[in-house]
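Participant: Here it is: the structure, laid out below.
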Amino acid sequence: MVATARNPDESSELQELKRNFDENRLIVAPLDVQKPDQFVALKDFLSQRGMNSIDILIGNAGISNTTHPHNPFLECTPDDMREVYETNVIGNMLLLQTFHEFLIRGDSKIAAIMSSSLGSYTNAAEKSEGTTVAYRCSKAALNMLSILYASEPSAHEAGVKLIILHPGWVKTEMGQTGGQKAKIDIEESTDGMLDILERAVQFQASQSAVGKTGGDEKATKTANKYRFRSPPDELENMEHLNEFVSHLDNNNFAFVRHDGFILQW
């Protein structure tokens, strides 16, 4: 399940997918993350269709100020900050709160939140350009929010893994505003993040199999269910992905780039 800030009725890409897949494989439903009542409506909508669990929950709702990337500290307004926080922070908080029970009943128990290395304090200290203030502050707050959810006792005890994703500087509408020249194609970023999720699913499946009769068979079935791309030994970024899995083994959250590289907070 993916939550987006965009109305799916207005997304040609989602509507194209909807035409290509039957409702047993794909359900498209509206969710404006700035409207709390829509979270309740979506949960009820899914429940009425017999859904009560989520294996992988992805929160990708994210916006910036209207003059992105131009938003220097001395020009940042309260309205800039409120608008960006409402989607980037509060929207993801409501997503995790609303579907928490669904997530802990899932097989893989993975929550992936789309953030940015621009929310890293280390990155800000090393390369502080004094701009994109509302966006960067919101992503730093989102990173903290994600860690606090991963530390929530019921999430931690259920074995939920929280993955904070940095997609890279991607050639999207936002990534190329203001004359910016993004470096990464959408396909490269997406493929890398799918590799990360696949490895996380495999790790979770192996953990759930420990000490359970027939667990290996279930783990294999679960891992194969989310076989997105290539077998692990064929991935170019295998070294980084192994580091990522090791990080998950020692923690219940990770801040990771699209290629599996662990990022500094």
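Participant: Convert each backbone phi in segment 195-204 into a coupling constant with the Karplus relation 6.51 cos²θ - 1.76 cosθ + 1.60 (shift: θ = phi - 60°), then list the ³J(HN,Hα) values in order as whole Hz, x for Gly and Pro.
Facilitator: Values per residue, Gly and Pro as x: 4, 4, 5, 4, 5, 5, 4, 4, 5, 4 Hz.
Participant: Tell me the carbon and sulfur percent of the accessible area for segment 81-125, rounded to whole percent, probe radius 1.4 Å.
Facilitator: The nonpolar share, carbon plus sulfur, comes to 57 percent.
Participant: Provide the per-residue ³J(HN,Hα) series for segment 56-71, in order, calculated from phi with Karplus coefficients 6.51, -1.76, 1.60 and θ = phi - 60°, each as a whole number of Hz, with x at glycine and proline positions.
Facilitator: Once rounded to whole Hz, the list reads 10, 10, 10, x, 10, 5, x, 9, 9, 5, 5, 9, 3, x, 7, 7.
Participant: Would you mind checking which residues have amide H under 5 Å from THR132's amide H? H placed 1.01 Å from N; only 5 or more apart, or other chain.
Facilitator: Here ASN71 satisfy the definition.
Participant: Could you go through segment 240-252 in sequence order and give the Karplus-derived ³J(HN,Hα) for each residue, using 6.51 cos²θ - 1.76 cosθ + 1.60 with θ = phi - 60°, rounded to whole Hz, and x for Gly and Pro?
Facilitator: Taking θ as phi minus 60°, the curve returns 5, 5, 5, 5, 4, 5, 4, 5, 5, 5, 9, 9, 10 Hz for segment 240-252.
Participant: Would you mind getting the accessible area per residue of segment 116-198, heavy atoms of the protein chains only, 1.4 Å probe, in Å²?
Facilitator: Numbers: 4000 Å² over 83 residues.
That works out to 48 Å² per residue.
Participant: Additional query: Please list, in chain and number order, the residues 5+ apart from VAL160 or on another chain whose amide H is under 5 Å from its amide H, with Hs placed from the backbone.
Facilitator: none
Participant: OK, next. Please list, in chain and number order, the residues 5+ apart from ALA112 or on another chain whose amide H is under 5 Å from its amide H, with Hs placed from the backbone.
Facilitator: LEU57, ILE58, GLY59, ILE163
Participant: Now for a separate question. For segment 144-212, which whole percent of the accessible surface, found with a 1.4 angstrom probe, sits on carbon and sulfur atoms?
Facilitator: Taking all protein chains in place, segment 144-212 shows 56 percent carbon and sulfur surface.
Participant: By per-residue mean of other Cβ atoms within 10 Å, what is the highest-first order of 255-262, 82-89?
Facilitator: 255-262, 82-89
Participant: What FRET efficiency, computed as 1/(1 + (r/R0)^6) with R0 = 22 Å and r the Cβ-Cβ distance, is obtained for LYS18 and ASN52, rounded to the nearest 0.05?
Facilitator: The formula returns an efficiency of 0.45 here.
The values are calculated or read from the model by the stated rules, or taken from the named source; none is laboratory data. Keep in mind it's a predicted model, so treat the numbers as computed, not measured. Positions of Cβ are backbone-derived with ideal geometry, glycine not excepted, and every protein chain shown enters the neighbour counts. All accessible areas refer to the heavy atoms of the entire protein, side chains included, with ligands and DNA or RNA removed. Shrake-Rupley method; radii C 1.70, N 1.55, O 1.52, S 1.80 Å.
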